[in-house]
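Okay, structure first, notes after.
The values are calculated or read from the model by the stated rules, or taken from the named source; none is laboratory data. Model, not experiment: these values are computed from the prediction. No Cβ is skipped: glycine too gets one built from the backbone with ideal geometry, and neighbour counts run over all protein chains shown. Heads up: the accessible areas ignore ligands, DNA and RNA and are worked out on the full protein's heavy atoms, side chains in. Shrake-Rupley method; radii C 1.70, N 1.55, O 1.52, S 1.80 Å.
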Amino acid sequence: MTRTDQPAATGADRERKRGGAGMAAGPKPGRAALGWLASNEAGLLMITLLFVLLFSQLTAGFTSLFNLYALTRVLAIDAVIGFSMMVVLVTGGLNLAAGAIGVCGAMAAGWFMQALGLPVWLALPLALCVGALLGALNGALTVWMDVHSFVVTLATMSIFFGTMILLTEARAFSDLPPGYVALAKTRYGFWSGLLVVTAIVGVLLWLLFHRTTLGRQILIAGANPRAAAMSGVPAGLTVIVCHALSGGLAALAGLMLTSRNGAALPSMAGQLGMDWLLPAFLAPILGGTLLTGGTVSVAGTFLGAALVTVLTNGLLQLQVGEFWIQAFLGAILLIAVALDRLRAVWIERRRVR
């Protein structure tokens, strides 16, 4: 026996000691199913279905076709808001300016269509570019100043709001093309047509993080920026890309909301700044995206948004005060952050092992 054959023989001996080299290495179908049932996504799905069943028993109108349609229309927007925060959380950052960027994108689209007379097919991509540019500015400032994006986006949130009001002179754009306004009114049974847009975005994000080199670099840089830099991964560039993507998604959510309202309104600024914060954080954190970065779950973020939407809608059906609902969601956020911390510690211990 030659020296080059010895390692192979040793490896075979090890396999025989473990139970034989001829046994299948892949997991059994039953174990794979049990593994999925133990996943965070499966837990969110079951909890959401339980709340749907509970509210359908406690309220008469929860399962009506109109309420389910309204619920899915809100879910479509909340999920995109969650995606907007998710792509920044994966780098360990935050985007408090998501609401500001969303309303800037919406007002830009209104100005493009009403003031400049641009067609919908051109105005909407330009508005998304506005959101992406504002997001990229957040990322560039974060990298250049070497501070946490919490500080940067907290400052730019006010800057974007104020600049938008000055440029538009607080004027609403209500003369929008009928086709654009009708987008939010499309329905398939009790499903809102906006969910189609959300589904397409979700699939594209999943492909980005699981099938592209850029997505893998983002995950690596989010998990360990120093190790990523030593491996040649441009950590600073990934931060800018993620913030640009977050800005584009925030602008998309603003466009969807504008289509639902039938007008681009400056008053959305205060609404989006407050109403988007809890869904933006809750959806990805409940879905399994770590605050420390490096882990992302597109399906989990969607299911997290679904749970928040169902809870909010059901509690409103029960005539619970809106302030109590905000307090309830805030408590859920605290619990989710605590669980996120425990999950991060568990994952780090597994990496060490």
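Tell me, yes or no, whether region 77-92 has at least one residue that is out of contact with any Gly (no Cβ under 9 Å at 6 or more places or on another chain), among the hydrophobic types (A, V, I, L, M, F, W, C), open to solvent by 10 Å² or more (accessible area, probe 1.4 Å) and assigned to a helix (DSSP H, G or I).
No: zero hits.
Quick test for you: out of Val201, Val147, Val151, pick the one residue that is part of a helix (DSSP H, G or I) and open to solvent by 50 Å² or more (accessible area, probe 1.4 Å).
Testing whether each residue is part of a helix (DSSP H, G or I) and open to solvent by 50 Å² or more (accessible area, probe 1.4 Å) leaves just Val151.
Matching residues to (1) touching a helix residue (DSSP H, G or I) at 6+ places or on another chain (Cβ under 9 Å); (2) at pLDDT 85 or above; (3) open to solvent by less than 50 Å² (accessible area, probe 1.4 Å); (4) of a type in the set (Gly, Ala, Ser):
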site: Arg260; (1), (2), (3), (4): yes, yes, no, no
site: Gln271; (1), (2), (3), (4): yes, no, no, no
site: Leu286; (1), (2), (3), (4): yes, yes, yes, no
site: Val298; (1), (2), (3), (4): yes, yes, yes, no
site: Gly304; (1), (2), (3), (4): yes, yes, yes, yes
site: Gln326; (1), (2), (3), (4): yes, no, no, no
site: Ala331; (1), (2), (3), (4): no, no, yes, yes
site: Arg341; (1), (2), (3), (4): no, no, no, no
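Among (1) under 27 Å from Thr156 (Cβ atoms); (2) at pLDDT below 85; (3) open to solvent by less than 60 Å² (accessible area, probe 1.4 Å), where does Gly247 come up short?
(2)
Could you figure out which of (1) crowded, with 21+ Cβ neighbours inside 10 Å; (2) out of contact with any strand residue (DSSP E or B) (no Cβ under 7 Å at 6 or more places or on another chain) isn't true of Leu311?
(1)
Could you please tell me which pairs satisfy a Cβ distance under 7 Å, a separation of 6+ or placement on different chains, a first residue in region 68-97 that is more than 27 Å from Thr238 (Cα to Cα), and a second residue that is small (Gly, Ala, Ser) and in a helix (DSSP H, G or I)?
Leu75/Ala305; Leu75/Ala306
Test Leu219 against the criterion of being in contact with a helix residue (DSSP H, G or I) (Cβ under 7 Å, 6 or more places away or on another chain), more than 21 Å from Leu154 (Cβ to Cβ) and either among the aromatic types (Phe, Trp, Tyr) or buried (at least 18 other Cβ atoms within 10 Å of the Cβ) (or both), and give yes or no.
Details: in contact with a helix residue (DSSP H, G or I) (Cβ under 7 Å, 6 or more places away or on another chain): yes; more than 21 Å from Leu154 (Cβ to Cβ): yes; either among the aromatic types (Phe, Trp, Tyr) or buried (at least 18 other Cβ atoms within 10 Å of the Cβ) (or both): yes.
The answer is yes for Leu219.
Going by the conditions given, is Ser192 closer than 19 Å to Met256 by Cβ, modelled with pLDDT of 90 or more and of a type in the set (Gly, Ala, Ser)?
Numbers: closer than 19 Å to Met256 by Cβ: yes; modelled with pLDDT of 90 or more: yes; of a type in the set (Gly, Ala, Ser): yes.
The answer is yes for Ser192.
For every residue, the table says whether it meets (1) on the phi < 0 side of the Ramachandran plot; (2) touching a residue at least 24 places away in the same chain (Cβ under 8 Å); (3) among the small types (Gly, Ala, Ser).
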position: Glu169; (1), (2), (3): no, no, no
position: Tyr188; (1), (2), (3): yes, no, no
position: Ser192; (1), (2), (3): yes, yes, yes
position: Leu208; (1), (2), (3): yes, no, no
position: Asn224; (1), (2), (3): yes, yes, no
position: Cys242; (1), (2), (3): yes, yes, no
position: Gly248; (1), (2), (3): yes, yes, yes
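Consider region 98-124. How many of its residues are surrounded by fewer than 24 Cβ atoms within 10 Å (Cβ to Cβ), among the small types (Gly, Ala, Ser) and in contact (Cβ under 8 Å) with a residue 40 or more places away in the chain?
Number satisfying all stated conditions: 1.
Examine region 288-295 for a residue that is over 17 Å from Ile81 (Cα atoms), open to solvent by 10 Å² or more (accessible area, probe 1.4 Å) and touching a Leu at 6+ places or on another chain (Cβ under 7 Å), and state whether such a residue exists.
Yes, region 288-295 contains at least one residue that is over 17 Å from Ile81 (Cα atoms), open to solvent by 10 Å² or more (accessible area, probe 1.4 Å) and touching a Leu at 6+ places or on another chain (Cβ under 7 Å).
Go through region 40-68 and give me each residue that's part of a helix (DSSP H, G or I) and open to solvent by less than 20 Å² (accessible area, probe 1.4 Å).
Of the residues in region 40-68, the ones part of a helix (DSSP H, G or I) are 40-58, 65-68.
Answer for region 40-68, where residues must be part of a helix (DSSP H, G or I) and open to solvent by less than 20 Å² (accessible area, probe 1.4 Å): Ala42, Leu44, Thr48, Phe55, Asn67.
Just to check your reading of the model, which residue among Gly236, Gly162 is closer than 26 Å to Asn138 by Cβ, out of contact with any helix residue (DSSP H, G or I) (no Cβ under 8 Å at 6 or more places or on another chain) and either open to solvent by 20 Å² or more (accessible area, probe 1.4 Å) or assigned to a strand (DSSP E or B) (or both)? Walk me through how you get there before you give the answer.
Working: Gly236 fails: out of contact with any helix residue (DSSP H, G or I) (no Cβ under 8 Å at 6 or more places or on another chain).
Just a single option satisfies the conditions, and that option is Gly162.
I want to confirm something. Restricting to region 169-190 and keeping residues that are closer than 19 Å to Ala253 by Cβ and of a type outside the set (A, V, I, L, M, F, W, C), which single residue is most open to solvent (accessible area, probe 1.4 Å)?
Looking at the filtered set, the residue picked out is Lys185.
So, in region 87-107, exactly how many residues are polar (S, T, N, Q) and within 10 Å of Gly135 (Cβ to Cβ)?
Restricting attention to region 87-107, the residues satisfying the condition of being polar (S, T, N, Q) are 91, 95.
Among the residues that remain, those that are also within 10 Å of Gly135 (Cβ to Cβ) are: 95.
Adding up the residues that qualify gives 1.
Considering each of Ala263, Ala227, Ala235, Ala223 in turn, give the residue that is farther than 19 Å from Ser84 by Cβ and touching a strand residue (DSSP E or B) at 6+ places or on another chain (Cβ under 7 Å).
Numbers: Ala227 fails: touching a strand residue (DSSP E or B) at 6+ places or on another chain (Cβ under 7 Å); Ala235 fails: touching a strand residue (DSSP E or B) at 6+ places or on another chain (Cβ under 7 Å); Ala223 fails: touching a strand residue (DSSP E or B) at 6+ places or on another chain (Cβ under 7 Å).
Residue meeting the stated conditions: Ala263.
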